[in-house]
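Here is the structure we will look at, set down as structure tokens.
The values are calculated or read from the model by the stated rules, or taken from the named source; none is laboratory data. All values derive from a computational prediction rather than experimental measurement. All Cβ positions, glycine included, derive from the backbone under ideal geometry; neighbour counts span all protein chains shown. Ligands, DNA and RNA are stripped out before the accessible areas are found, and what is left, the full protein with its side chains, is counted by its heavy atoms. Shrake-Rupley method; radii C 1.70, N 1.55, O 1.52, S 1.80 Å.
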Amino acid sequence: MKLIALAAAAALSLTTFATHAQAATLSGTFEVQVVNFNAGGSGNGARADRENFDARFAAADDTHKDTFVYTGALDFFVDNFPKDIDLETVSDFLESLNSGTVSGLDAGVAGLRLSNPTFQTTTLFSFTEVYANAFDTSVTHDDGFTIYDDGEELIGFANPTGIRTTPKTGTVNFTGGEFNLIYAAANGNPSKLFVEGDGVPAVPLPASAFLLIGAMGGFGVAARRKARKAA
């Protein structure tokens, strides 16, 4: 019995170590804005920052932009196979790894081509969530991205030439509050976005939770009254 207990304790320790060693994928319920446009053959025209995103979103008509909700992990990947065909759509990217669910995305925008080589068709995404805690983060990506921490630029990398992780070593600290990430799917596939982070979304308790708390409080009062009567 003692050997079994020791084995169980060892297994629990290994599981705990593995859990802490494995990077958490940043998850939440994100407000997402997307805009699809022609970057005119310019890497600068496809840059993933707030200024470019806002300008492109404002200039696009409703058939090439939308606002919707994504619930799940920021973990997407479309590879470059067959090479340089690049027929994948906005929806293909969001559903590529079955990491979450999309709601409210217009079917026409979902069906737009994600990107193609030489910085012609380009798609910019803006993911926004509010977190109650600070956490360390890094991004594995192709193409560019920028993260904003309560509106202030935290980290970014404009135009990688392949899949890379930013920063190259270690992480950067997000201080909590509004998290906003701009990502560019540009210049053809692969299109990769993986965001590390242990964020806790700052969401209010649903009404049902308040009702449950109230009911539990009522049970407590009733139990105390009953105890007093019995005494």
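Part of a loop (DSSP other than H, G, I, E, B) and more than 14 Å from the chain's Cα centre (by Cα) - does that describe any residue in region 136-148? Break it down into steps so the answer makes sense when it comes.
We begin by selecting, within region 136-148, every residue part of a loop (DSSP other than H, G, I, E, B); these are 143-144.
Among the residues that remain, those that are also more than 14 Å from the chain's Cα centre (by Cα) are: 143-144.
Looking for residues that are part of a loop (DSSP other than H, G, I, E, B) and more than 14 Å from the chain's Cα centre (by Cα), one finds at least one in region 136-148, hence yes.
I want to confirm something. Restricting to region 149-201 and keeping residues that are β-branched (V, I, T) and outside any strand (DSSP E or B), which single residue is least open to solvent (accessible area, probe 1.4 Å)? Spell out the reasoning first.
Initially, region 149-201 is screened for residues β-branched (V, I, T), giving 155, 161, 163, 165-166, 169, 171-172, 175, 182, 195, 200.
Still in the list and also outside any strand (DSSP E or B): 161, 163, 169, 171, 175, 200.
On the way: T161: 152, I163: 86, T169: 117, T171: 62, T175: 91, V200: 79 Å².
My answer is T171.
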Test for D79: is it surrounded by fewer than 16 Cβ atoms within 10 Å (Cβ to Cβ) and touching a residue at least 60 places away in the same chain (Cβ under 8 Å): yes
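Only one residue in G111, G144 is in contact with a Pro (Cβ under 9 Å, 6 or more places away or on another chain), small (G, A, S) and within 21 Å of N38 (Cα to Cα). Which one? Break it down stepwise before answering.
Details: G111 fails: in contact with a Pro (Cβ under 9 Å, 6 or more places away or on another chain).
So the residue among G111, G144 that is in contact with a Pro (Cβ under 9 Å, 6 or more places away or on another chain), small (G, A, S) and within 21 Å of N38 (Cα to Cα) is G144.
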Could you identify the single residue in T71, T101, T16 that is over 26 Å from A158 (Cβ atoms) and either open to solvent by less than 30 Å² (accessible area, probe 1.4 Å) or modelled with pLDDT under 95 (or both)? T16
Quick check: anything in region 155-168 free of Cβ contacts under 8 Å to residues at least 24 places away in the same chain and among the charged types (D, E, K, R)? yes
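For region 97-135, name all the residues that are under 15 Å from the mean Cα position of the chain (by Cα) and assigned to a loop (DSSP other than H, G, I, E, B).
Within region 97-135, L97, N98, S99 meet the criteria.
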Where residues in region 35-56 are within 20 Å of the chain's Cα centre (by Cα) and farther than 30 Å from T169 by Cα, which of them is surrounded by the fewest Cβ atoms within 10 Å (Cβ to Cβ)? D54
